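For reference, the structure is listed below as structure tokens.
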Amino acid sequence: MGKRKFVDFWIRPNDADALKEMCKRAFELGYSALVVEVPKNMSEGLESSFYEYGLEFYKKAVVSARTRGDVLEAAARLRHNYDVLTVHCLTRDAALVALRDGRVDTVAFRPNGFMAFDRHMLSVTRNPIELTLADATSDKATLQKIRALVQFINLKGLSVVFSSCASKPVEQKGPLEVACLLNVLGLNFERSLDALSSIPSNILARNRAKLSGKMLQEGVWLAED
Amino acid sequence: MPRIRHRYVFLRAFPEDVVLDKSDVWRAIQSSLQYLVGALGYADVNPYLVRMQKNWIVIRCNSEHVRKLIAAVTLIKDVGGKTLSLDVLKVSGTLRALLRKIKH
């Protein structure tokens, strides 16, 4: 098995300087790709920071959804403009749609939204669940909820992505540290590493192929000459 | 009684220009570990601050529970009122090997 390629699946810098510092720190910590929730005021010239440190750059849209319609509208509007689409669900209805919609990449479970799982949701789940380090370090109640979710994910074999959701370099942590935290919360160590490497990498590769036209539909690739 | 195996964990503070106080760091690690794994978990990990310089620390712990120590260090957000992050740079079985790896 080759060396793992680690991805920080969600950073949200406030400005270009913060982004540059976060790129440097991610490189030092051993990440090879960053997924950035780009603020509206800094949409151009972002790639140069990434090229300087040899990191791959991906753009992410995060949508808070309260109803089924919010999820469907966001998926139709944003899917073709961003590499990654994450839905942060505020209600169970929104979560049910987001978990099974093929256009959604990850479903974020955060403390200010809906943060539970039931049997019906389990039966329709197709997309990975995204949990963040920023939430895990916020307070005790959230850490307990995340622990319950992680144990459920481990038990049912669901797909999970763990990201930093950092807005400053000091909030970024190395892949080993994050994997150890997930392991202590109840996820198998190999799966903890997968949550930071193979699962996000596969999502990014699939979406880039779709956006560039190399993948026509799920599993249908254009043959190269 | 089986011999207890240890792991030595090298931590470095980020930002690098920060100067750490030994008692503050030790208190932060202890409280984070107790918060995460409780008193019994703390006893299993059995942490010990081996060495400390301006912005780096070496901690010894039980080898079977090194992930708990690393997870607890991950949760630390501030030390003595300073916002910082403690990064795990190396983990080794002996102090001599750890310091050799760090020098390289």
| remark: For region A:6-211, the per residue accessible area (1.4 Å probe, Å²) is 41
| message | A drop of at least 30 square angstrom in accessible area, chain alone versus all protein chains together, probe 1.4 Å. Which residues of region B:66-104 meet that? | response | B:67, B:70, B:71, B:74, B:75, B:77, B:85, B:87, B:88
| remark: Whole-percent carbon and sulfur contribution to the accessible surface of region A:6-211 (1.4 Å, no ligands, DNA or RNA) stands at 48
| note | Carbon plus sulfur, as percent of the 1.4 Å-probe accessible area of region B:6-93, comes to 44
| remark: Volume per residue (Å³) of the convex hull spanned by the alpha carbons of region B:16-104 is 89
| note | Lys and Arg at +1, Asp and Glu at -1: neighbours of residue B:37 with Cβ under 9 Å from its Cβ sum to 0
| query | Convex hull over the Cα atoms of region A:48-95, averaged projected area in nm²? | reply | 3.8
| With at most 11 neighbouring Cβ atoms within 10 Å, loop trypsin sites (Lys or Arg not before Pro) (DSSP) excluded, longest segment of chain B | B:55-104
| field | Residue-by-residue Karplus 3J(HN,Hα) for region A:180-188, coefficients 6.51, -1.76, 1.60, Hz, glycine and proline x | value | 5, 5, 4, 5, 5, 6, x, 9, 3
| Relative contact order %, chain B, counting alpha carbon pairs below 8 Å whose residues are six or more apart | 42
| message | What's the total accessible area buried between chains B and A, using a 1.4 Å probe, rounded to the nearest 100 Å²? | response | 1700
| query | Which pairs break 32 Å Cα to Cα here: A:140/A:210; A:140/B:90; B:77/B:101; A:210/B:77; A:40/B:77? | reply | A:140/A:210; A:210/B:77
| said: How many angstrom lie between the Cα centre of region A:147-225 and the Cα centre of region A:60-83? | reply: 20
| field | Relative contact order (%) - chain A, alpha-carbon pairs under 8 angstrom, separation at least six | value | 21
| Contour minus end-to-end for residue A:189 and residue A:3, with contour as 0.36 nm per residue of separation and end-to-end as the Cα-Cα distance? | 65.4 nm
| message | From the phi angles alone, apply the Karplus equation (6.51, -1.76, 1.60; θ = phi - 60°) to region B:77-87 and give each ³J(HN,Hα) in whole Hz, x where the residue is Gly or Pro. | response | 10, 8, 10, x, x, 9, 6, 7, 10, 9, 9
| field | Those residues of region B:49-79 whose amide nitrogen sits under 11 Å from the label point placed on residue B:19, 7 Å along Cα→Cβ | value | B:54-55
| field | Loop sites in region A:1-95: trypsin sites (Lys or Arg not before Pro), DSSP, at most 12 other Cβ within 10 Å | value | A:3, A:40
| In region B:11-37, what residues drop by 20 Å² or more in accessible surface going from the chain by itself to the full protein assembly, probe 1.4 Å? | B:14, B:35, B:36
| Which FRET efficiency value, to the nearest 0.05, do you get for residue A:209 and residue A:147 by plugging their Cβ-Cβ distance into 1/(1 + (r/R0)^6) with R0 = 35 Å? | 0.50
| What residues of region A:157-189 lose no less than 20 Å² of accessible area with every protein chain in place versus their chain by itself (probe 1.4 Å, heavy atoms only)? | A:170, A:173, A:176, A:177, A:180, A:181, A:183, A:184, A:189
| request: Could you tell me the convex hull volume per residue, in Å³, taken over the Cα atoms of region A:6-211? | output: 110
| request: Name the residues whose placed amide hydrogens come within less than 5 Å of the amide hydrogen of residue B:90, ignoring near sequence neighbours (fewer than 5 apart) on the same chain. | output: B:10
| Semi-axes, largest first, in whole Å: what does sqrt of 5 times each Cα gyration tensor eigenvalue give for region A:95-225? | 27, 18, 14
| query | Computed FRET efficiency, Cβ-Cβ of residue A:91 and residue A:168, R0 30 Å: what is it to the nearest 0.05? | reply | 0.50
| Per residue, in Å², the accessible surface of chain B once ligands and nucleic acids are set aside, probe 1.4 Å | 56
| said: Can you give the local net charge around residue B:49? Use residues other than it whose beta-carbon is closer than 11 angstrom to its beta-carbon, Lys and Arg +1, Asp and Glu -1. | reply: +4
| query | Taking region A:44-149, which GluC sites (Glu not before Pro) meet the DSSP loop condition and have no more than 14 other C-beta atoms within 10 Å? | reply | A:44
| note | Karplus-derived 3J(HN,Hα) from phi for region A:23-32 (6.51 cos²θ - 1.76 cosθ + 1.60, θ = phi - 60°), whole Hz, x at Gly and Pro, runs 5, 4, 5, 4, 4, 5, 7, x, 7, 10
| task | Go ahead and run the numbers for FRET between residue A:155 and residue B:77, Cβ-Cβ distance against an R0 of 35 Å, rounding to 0.05. | result | 0.70
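The values are calculated or read from the model by the stated rules, or taken from the named source; none is laboratory data. Given the structure is predicted, the values throughout are model-derived calculations rather than measurements. Neighbour counts run over all protein chains shown; Cβ positions are idealised from the backbone, glycine included. To get the accessible areas, we keep the full protein, side chains included, count just its heavy atoms, and leave off ligands, DNA and RNA. Shrake-Rupley method; radii C 1.70, N 1.55, O 1.52, S 1.80 Å.
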